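Here is the structure we will look at, set down as structure tokens.
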């Protein structure tokens with residue numbers, strides 16, 4: 001472990017410090033957004049958007065290669081598709097009264113299929129692994145600035161609309177009676193989740209994003225009594241998991257994203273097991 005801390009202070013290894021900064025900034029998003037996503041039970045949205053953005057990436061490459069929109073960035077297409085997918089999921093679930101998971105699975109399949117069709121007509125397209133699976137060790141200063149801006153926006157919205165968020169998350173019908181615009185709030189949550197997923201996915205990878213939007217809040221739920229404590233503990237656990245995974249991956253020369261997910265998953269399973277044993281003990285005493 002001493003070697004890892006020495007490497008963090010080594011001037012010749014700025015990428016390792018950038019990875020640590022990215023872990024701190026990402027933890028804020030994972031903790032706050034993950035808490036809302038978990039309470040609203042729309043965690044499947046992250047997986048759906050992460051795969052549906054293939055359609056946006058394919059469209060961007062198609063338009064760029066065929067000079068229809070020269071130089072169009074795959075990130076632009078991914079963000080556009082993510083926001084569109086989130087709005088479609090929200091509107092279908094609200095207006096057509098369909099289950100959210102049904103809309104999520106439909107967008108997942110359609111987005112990926114459109115991506116395959118666009119790529120089939122795009123000669124010499126770039127390897128999509130670089131877009132679908134990032135590496136936190138390669139994160140740049142520009143990426144850190146984008147994450148910081150998104151953090152500020154998420155924290156402001158969470159602070160400004162916390163009562164509405166909490167009311168709609170735990171008792172939507174009561175919130176609607178009290179005048180909370182629950183439908184608009186639901187759509188805003190979906191869009192913000194979509195933007196966060198795309199940016200984080202581009203920087204640190206698909207698997208890590210899906211896991212970190214669910215595992216830290218899941219672990220934090222053992223210690224939380226309300227939404228704000230779930231957010232705070234979610235941020236704390238997100239950082240601890242990221243820091244621990246980064247340190248272990250450096251020490252044992254292993255992929256960082258995978259190690260972070262393994263650490264997060266192990267702590268979550270241990271915490272869940274301990275809670276189950278305690279509940280069993282209380283039940284037996286009664």
Candidates 39, 100, 32, filtered to the one that is surrounded by 17 or more Cβ atoms within 10 Å (Cβ to Cβ), under 30 Å from residue 224 (Cβ atoms) and modelled with pLDDT of 85 or more: 32
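Report yes if some residue within the stretch 137-145 is outside any loop (DSSP other than H, G, I, E, B), closer than 19 Å to residue 227 by Cβ and more than 17 Å from the chain's Cα centre (by Cα); otherwise report no.
No: zero hits.
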Matching helices (runs of 4 or more DSSP H) fully within the stretch 158-255 where at least 1 residues are in contact with a helix residue (DSSP H, G or I) (Cβ under 7 Å, 6 or more places away or on another chain), crowded, with 24+ Cβ neighbours inside 10 Å and at pLDDT below 85: 162-170, 182-204, 206-212
Residue count, the stretch 256-273 (criterion: surrounded by fewer than 16 Cβ atoms within 10 Å (Cβ to Cβ), farther than 27 Å from residue 2 by Cα and touching a residue at least 40 places away in the same chain (Cβ under 8 Å)): 1
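The values are calculated or read from the model by the stated rules, or taken from the named source; none is laboratory data. What you see is a predicted model, and the numbers here were worked out from it, not measured in a lab. As a convention, Cβ positions derive from the backbone with ideal geometry for all residues, glycine included, and neighbour counts pool all protein chains shown.
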